[in-house]
Amino acid sequence: MFDYRVGFATIILLLVACTESQQEKGTIVINNNSDHPISDVKAIYASTKRVDMLGNLPAHTAYKYEIQYTEFEDSITIDYIDYAQRTHSTTGAAYAAHYDKQRYVVDIGGQ
């Protein structure tokens with residue numbers, strides 16, 4: 001015989017899983033895996049020339065950046081300064097478009 005509690009629990013788990021994955025789309029997660037903070041973190045859009053200042057990121061922390069879509073496709077670069085005051089640039093999203101929202105992960109430092 002069908003146990004309604006099991007069916008109800010399954011539906012709730014599926015709803016939570018779908019909701020959580022939807023919230024992740026359209027974001028760039030920046031992970032500072034190094035033992036040092038990074039500063040002047042920026043998201044730079046190539047086509048629209050938009051620059052979003054994200055600030056500083058302590059060691060061993062993550063920051064979730066919500067991509068600011070326009071009607072055009074774009075690419076996003078993440079720039080930052082390391083503890084030795086060297087500037088770095090890495091791809092945040094090679095291709096970002098509102099009709100194809102994705103979740104991107106940028107790992108900085110660590111092994």
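The values are calculated or read from the model by the stated rules, or taken from the named source; none is laboratory data. Worth saying up front: this structure is predicted, and the values here are computed from it rather than measured. Here the Cβ positions follow ideal geometry from the backbone for every residue, glycine too, while neighbour counts run over all protein chains shown. Heads up: the accessible areas ignore ligands, DNA and RNA and are worked out on the full protein's heavy atoms, side chains in. Shrake-Rupley method; radii C 1.70, N 1.55, O 1.52, S 1.80 Å.
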Practice task
Starting from residues that are among the basic types (Lys, Arg) and not in a strand (DSSP E or B), keep the ones in region 29-76 and report whichever is surrounded by the fewest Cβ atoms within 10 Å (Cβ to Cβ).
Solution key: LYS49
Problem - Residue among SER47, SER21, SER89 that alone is of a type in the set (Ser, Thr, Tyr), more than 13 Å from the chain's Cα centre (by Cα) and at pLDDT below 95 - result: SER47
Exercise for the section: State which residue is most open to solvent (accessible area, probe 1.4 Å) when the search covers only region 77-111 and only residues that are of a type in the set (Lys, Arg) and in contact (Cβ under 8 Å) with a residue 12 or more places away in the chain. Expected result: ARG103
